[in-house]
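The values are calculated or read from the model by the stated rules, or taken from the named source; none is laboratory data. Because the structure is predicted, anything quoted here is derived from the model rather than measured. Virtual Cβ from ideal backbone geometry, glycine too; neighbours counted across all protein chains shown. Note: accessible area is taken over every heavy atom of the protein model, side chains too, but ligands, DNA and RNA are not part of it. Shrake-Rupley method; radii C 1.70, N 1.55, O 1.52, S 1.80 Å.
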Amino acid sequence: MADFIQTTNTKSAVRDLSIPIADITAFDALVQDIIDTNPFGCTAYTEKGVAIDPVTRSQERYDAKIVYENLEADTVGDVSVQVASVTAFGTVASHVMDDDTLATAIGGTQSRDTGKDSFYCKLKCHDANSEIYYVTLSRDRIRVSSYTDDAICAAVETWADGKPALG
């Protein structure tokens, strides 16, 4: 049998945030700022004849949490709604909050538990050295993955160091 031979040596690094990102608005503003200002010095490129921006949203997932309490303030149920865009996040959470039939079926009064909401956005980045890597942001951490050049991680770290909310 033939052996597998290593062809690349990609790396991954994580920064756990001491304070979670406050809310969906702050999270989306942070992601959009990376796309708009390109703080990592990424470059546009062409893939299969299609022009690709230097930084693009690759994957997204947003979870809204709604809890249901009875008259004694005991939790009697909860609903998590997972969507693929920030716009859908607000819309769907509002629909669940307005669904009194669901609340009656669960047996409680609905309220948002925004502290348990979760956010995830994976950005695809094209470095000037032609390397494609990913910066993944969640509510409580930032991950840089699939890079080989340590300068990539250093650029992301320098950017994050300049953002007090990402301490």
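What to note about this one:
- Which numbered condition Ala64 misses (of (1) open to solvent by 50 Å² or more (accessible area, probe 1.4 Å); (2) touching a residue at least 24 places away in the same chain (Cβ under 8 Å); (3) not in a loop (DSSP other than H, G, I, E, B)): (1)
- Restricting Val79, Val55, Val50 to residues that are closer than 30 Å to Asp113 by Cα and not aromatic (Phe, Trp, Tyr) narrows the list to Val79.
- Scanning segment 65-73 for any residue that is in contact with a strand residue (DSSP E or B) (Cβ under 8 Å, 6 or more places away or on another chain) and closer than 16 Å to Val135 by Cβ turns up nothing.
- Those residues of segment 79-92 which are modelled with pLDDT of 95 or more and either farther than 24 Å from Phe27 by Cα or not β-branched (Val, Ile, Thr) (or both), in sequence order: Ser80, Gln82, Ala84, Ser85, Ala88, Phe89
- Summed over segment 67-95, the residues that are closer than 29 Å to Gly162 by Cβ and in contact (Cβ under 8 Å) with a residue 40 or more places away in the chain give a count of 3.
- Looking across segment 42-58, the residues that are under 14 Å from Ile132 (Cβ atoms) and either acidic (Asp, Glu) or not in a strand (DSSP E or B) (or both) come down to Cys42, Thr43, Ala44, Glu47, Lys48, Asp53, Pro54.
- Residue list for segment 32-41, restricted to those being open to solvent by less than 40 Å² (accessible area, probe 1.4 Å) and not in a loop (DSSP other than H, G, I, E, B): Ile34
- Options Ile132, Ile142; residue that is in contact with a Lys or Arg (Cβ under 9 Å, 6 or more places away or on another chain), under 30 Å from Pro54 (Cα atoms) and without any contact (Cβ under 8 Å) to a residue 24 or more places away in the chain: Ile132
- Meets criteria (in contact with a Lys or Arg (Cβ under 9 Å, 6 or more places away or on another chain), of a type outside the set (Asp, Glu), open to solvent by 60 Å² or more (accessible area, probe 1.4 Å) and closer than 21 Å to Ile35 by Cα) for Ala84: yes
- Scanning segment 1-19 for residues that are surrounded by 13 or more Cβ atoms within 10 Å (Cβ to Cβ) and aliphatic (A, V, I, L, M) yields Ala13, Leu17.
- For the residues Ala105, Ala29, Ala22, the requirement of being open to solvent by 50 Å² or more (accessible area, probe 1.4 Å) and part of a loop (DSSP other than H, G, I, E, B) singles out Ala22.
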